[in-house]
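The values are calculated or read from the model by the stated rules, or taken from the named source; none is laboratory data. Every value quoted in this text rests on a predicted model; they were computed, and no experiment measured them. Note that we place each Cβ from the backbone using ideal geometry, even for glycine, and neighbour counts take in every protein chain shown.
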Amino acid sequence: MVGAKRLGQLRQLVPSATTIGVLEGPDRTEDSGDVEVAARAIGQQLVVLGAMNATEIQAAFATFAQRGVGALIIASGAFTFSHREEIVALAARYELPASYGLREFATEGGLISYAASITDAYRQVGVYAGQILRGEKPGDLPVIQSTKFEFVINLKTAKRLGLTVPLIMQMTADEVIE
């Protein structure tokens, strides 16, 4: 349900966006599917585009602009992460507020990010490794989903986009970049 949460945050931040774009890489993740389900439930219009390379990323942004997209959700994945500098730069160039699935996007200059805590995931890996070293069978260990998420807001980017970040959003953020 991370995608639905990201959609809600973006709608709170940019309520005037009648159409929201979703950019997916070839490694489409569960959160982009969550966005589509949540959007249908609330009647939010989406434009979902995929990209397989840098040229297609640029074409997707041009299409988003042409179709009047007012905000973006960038799907999580190795592909979008590896192209994060370009994606953040294109969002700035097209003046599109965007939500990202990893905090590195917000520290690069992206507007907001909401994702599972990598630090918490590493801690859990350490717990698993300890259990295995004590003789537990890896197949017997439970699959654990993330329970700690990080919400990051880049106020410099919000200001550049002419957005006012509600105080409640700032208060609930794990990190606010000023």
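Some notes on this structure:
- Scanning the stretch 58-109 for residues that are of a type in the set (S, T, Y), surrounded by fewer than 19 Cβ atoms within 10 Å (Cβ to Cβ) and within 16 Å of the chain's Cα centre (by Cα) turns up S82, T107.
- Residue in the stretch 120-134 that is part of a loop (DSSP other than H, G, I, E, B) and either over 30 Å from Y94 (Cβ atoms) or at pLDDT below 90 (or both) present: yes
- Subset of the stretch 121-157 [in contact with a strand residue (DSSP E or B) (Cβ under 9 Å, 6 or more places away or on another chain) and in contact (Cβ under 8 Å) with a residue 24 or more places away in the chain]: S146, T147, K148, F149, E150, F151, V152, I153, N154, K156, T157
- Among residues of the stretch 128-156, those that are of a type outside the set (D, E, K, R), surrounded by 12 or more Cβ atoms within 10 Å (Cβ to Cβ) and under 31 Å from the mean Cα position of the chain (by Cα), counted: 9
- Among the residues of the stretch 19-32, the ones that are without any contact (Cβ under 8 Å) to a residue 60 or more places away in the chain and either exposed (fewer than 14 other Cβ atoms within 10 Å of the Cβ) or of a type in the set (S, T, Y) (or both) come to 5 in all.
- Cβ-Cβ contacts under 9 Å between residues 6 or more apart (or on different chains), taken from a first residue in the stretch 44-70 that is over 10 Å from G21 (Cβ atoms) to a second residue that is polar (S, T, N, Q) and assigned to a helix (DSSP H, G or I), are listed as A51/Q58; A51/T80; I57/T80.
- Qualifying residue in the stretch 138-145 (condition: closer than 25 Å to Q170 by Cβ, part of a loop (DSSP other than H, G, I, E, B) and at pLDDT below 85): no
- One residue stands out in the stretch 157-178 among those that are among the small types (G, A, S) and surrounded by 13 or more Cβ atoms within 10 Å (Cβ to Cβ): the one that is farthest from Y122 (Cα to Cα), namely A158.
- Once the stretch 33-57 is narrowed to residues that are acidic (D, E) and modelled with pLDDT under 95, the residue that is surrounded by the most Cβ atoms within 10 Å (Cβ to Cβ) is D34.
- Condition met for S16 (touching a Leu at 6+ places or on another chain (Cβ under 9 Å) and not hydrophobic (A, V, I, L, M, F, W, C)): no
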